[in-house]
Amino acid sequence: MKRESNVMHNTLFRFVKQVASLAQKLTDAALMELSDPAGNGFAGWKHAVLLYLREHMSAEYEEIIDWAEEMERVRAVLNLQRGEFPAPSTLCKAFKRASITVWRQLLRRSAELLDQNGHAAIDATYFDRQQASSHYLRRIDRSVKTIQTTFLVDTAEGAILDLHCSTKWPDETKIGPKVALRNAGDLRSLAADKGYDDMSFREELRNAGICPLIKHRVFAPYDHAHNARIDDELYGQRSQTESVNSSIKRSHGSAVRARDWFRQFREITLIAGVYNVEQAIER
C-alpha cells in the first residue's frame, strides 16, 4: 500500500514538474493574463500549474490548494511555503481571466512532449454541458446540451495538436480547414472520415503542402478510383482520434464543469493539454 502511495506521489510530482516547465515558457502576455492583478507576487505560471493539476486530479479548487501545500516537492517546484498559496477564489479568477489563447499556447507546448510524425487525423466528439448558464440558454432561445469539439491529433503518439469548440454544431467541412490550415507547417498528411468529404477542403490542403487522406462518398465509379489511391496504412491511423476521445472521457469525464460557454471552451482546451502531459509522463 505504501509503495502504491509513493508511486502515485512520484507521478503527481512528475506531472507538476513537467507543467511548470511548460508554463514558464509562455509569452509575457499570456503570463500577465494568468497572474494576479492585485500584484501579490503570485506568478502566472504558478496559476497555470495549479489549474492543470486541478484537472489532472479532478479536484475542487479548495482541495487542490490543500493538497499542494502539504507536498514538499510541489512547494519546492512552485517556490512557495505553507500559507503562501493563493486562495481558491484567486485560482478560480485566474481561470476566468485567462483567454483561450493562453490555453492554446500551453496545449501546443504540451503536444511537443510527445513524438510527432506530421501525419495527423481530425474528428469531432461531444461534451455534455450539464451546468450551462440558464441566462445564456434563454438568450439564444434554445437548449444547447452538448459542445462539439474537433480534435487534431498527430498519429505517432496521439498528441493533441489543436482543437475547435462550438455550441452550434457547424459543418465539419467548414471546421476542418480552419483547424488544419493553422497547423499546416506541422502537417504532412491529414486523415478524416467521409464527413469531411469536400473537394475545396482537399484543394486547400494540397495548396498548403498537406496530403489529404479523405475518402470520397461513392456516387460514381470514379469515386472508387479516388478511394483506391489513398494510402490505407496512413488512413487507418485515423482511429487514433477515436482512441484519444475515449481516453479523455474515461479519465476526465464526458461533461464540462464550467457554466458559461467561453469558459467551457477553455476547460476543454485545458483538458486536452492535461491529456498530452499525462501521456508524456507515462512513457
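The values are calculated or read from the model by the stated rules, or taken from the named source; none is laboratory data. As the structure is a prediction and not an experimental result, all values here were calculated from the model. All Cβ positions, even for glycine, are placed from backbone atoms using ideal geometry, and neighbour counts span all protein chains on display. Only protein heavy atoms, including side chains, enter the accessible area calculation; ligands, DNA and RNA are left aside. Shrake-Rupley method; radii C 1.70, N 1.55, O 1.52, S 1.80 Å.
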**Request:** Might you check whether a residue that is hydrophobic (A, V, I, L, M, F, W, C), within 17 Å of Ile268 (Cα to Cα) and modelled with pLDDT under 95 occurs anywhere in segment 151-158?
**Result:** no
**Asked** From the set of residues in segment 83-105 that are outside any helix (DSSP H, G or I) and over 17 Å from Val16 (Cα atoms), which is least open to solvent (accessible area, probe 1.4 Å)?
**Response** Ala98
**Prompt:** Somewhere in segment 163-171, is a residue of a type outside the set (Gly, Ala, Ser) and over 19 Å from Tyr126 (Cα atoms)?
**Reply:** no
**Item:** Single match in Thr150, Thr155, Thr167 (criterion: among the hydroxyl-bearing types (Ser, Thr, Tyr), surrounded by 14 or more Cβ atoms within 10 Å (Cβ to Cβ) and more than 16 Å from Arg238 (Cα to Cα))
**Value:** Thr167
**Item:** Selection from segment 264-283 of residues that are open to solvent by 50 Å² or more (accessible area, probe 1.4 Å) and either in contact with a Lys or Arg (Cβ under 9 Å, 6 or more places away or on another chain) or part of a loop (DSSP other than H, G, I, E, B) (or both)
**Value:** Arg283
**Item:** Flag if Ala48 is open to solvent by less than 40 Å² (accessible area, probe 1.4 Å), under 20 Å from Arg266 (Cβ atoms) and not charged (D, E, K, R)
**Value:** yes
